[in-house]
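Before I ask anything, here is the structure I am working with.
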Amino acid sequence: MRRPGLVTCALVVAVCAGRALPSAAQEIPVVGAPAQGADVPPPLGTSPGGAFRRALLVPGWGHAAIGSYTRGAFYAAAQTASLYTLFQARARIGEAQERVAFRQGVLTRGLERQGVTDPDAIAARLAQDGELSRLVALKESRKEQQEDMLALSIFLVLISSADAYVSAHLARFPEPLDLEASPSPNGGVEVGLRVGIPRR
């Protein structure tokens with residue numbers, strides 16, 4: 001009585017194993033030989049999140065990681081130019097501040113030699129100086145330029161990262177559209193649009 005039970009169990013195990021083996025074999029990746037019709041991942045196996053993080057860290061790195069070198073070079077050049085301009089704006093602000101401080105010092109020392117020592121009186125006389133007012137306006141203008149360049153730099157980093165994220169997603173899809181045209185029985189032309197959907 002035990003033999004039929006053992007034989008039955010053995011047959012069940014064999015059938016289950018026979019069904020499981022092909023699916024397991026299909027899940028084993030073959031290096032250098034992807035299965036026919038399988039989706040090919042982006043270069044370097046970069047995920048959309050990985051491309052996003054790379055673009056945040058280094059200009060153009062996220063696009064280069066997915067093989068989009070032209071877009072990566074564009075964003076790298078744009079972000080490098082914006083950062084360079086930002087640093088130049090900061091240097092110009094420092095120069096303008098030094099000129100303002102120098103002019104204030106010269107005027108203050110001249111007023112002190114004239115006997116004007118009251119801080120309010122000195123401030124009022126400084127506000128009346130045309131050259132000092134011009135330098136203060138120049139300093140404020142350069143501060144506004146710095147704020148604009150900072151906003152532009154942040155915008156370029158975010159738009160580059162978002163573009164790298166979307167490009168990495170699109171790189172996982174096959175050619176999305178295929179246009180087909182064929183003659184129709186009534187002498188016209190039939191146009192068909194085929195949309196490719198990747199298999200998961």
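Arranged by the count of other C-beta atoms within 10 angstrom, fewest first, what order do GLU144, GLU95 take?
Ordered by Cβ neighbours within 10 Å, fewest first: GLU144, GLU95.
Follow-up. Can you work out ³J(HN,Hα) from phi for every residue in the range 96-109, in order, using Karplus 6.51 cos²θ - 1.76 cosθ + 1.60 and θ = phi - 60°, giving whole Hz and x for Gly and Pro?
Once rounded to whole Hz, the list reads 5, 5, 5, 5, 5, 5, 5, 5, 4, x, 4, 5, 5, 5.
What does the highest-first list of 58-67, 161-170, 123-132 look like by mean Cβ count within 10 Å?
Order by mean packing, descending: 58-67, 161-170, 123-132.
Every number in this text was worked out from the coordinates using simple rules, so none of it is lab data. Because the structure is a prediction, the values reported are computed rather than measured. All Cβ positions, glycine included, derive from the backbone under ideal geometry; neighbour counts span all protein chains shown.
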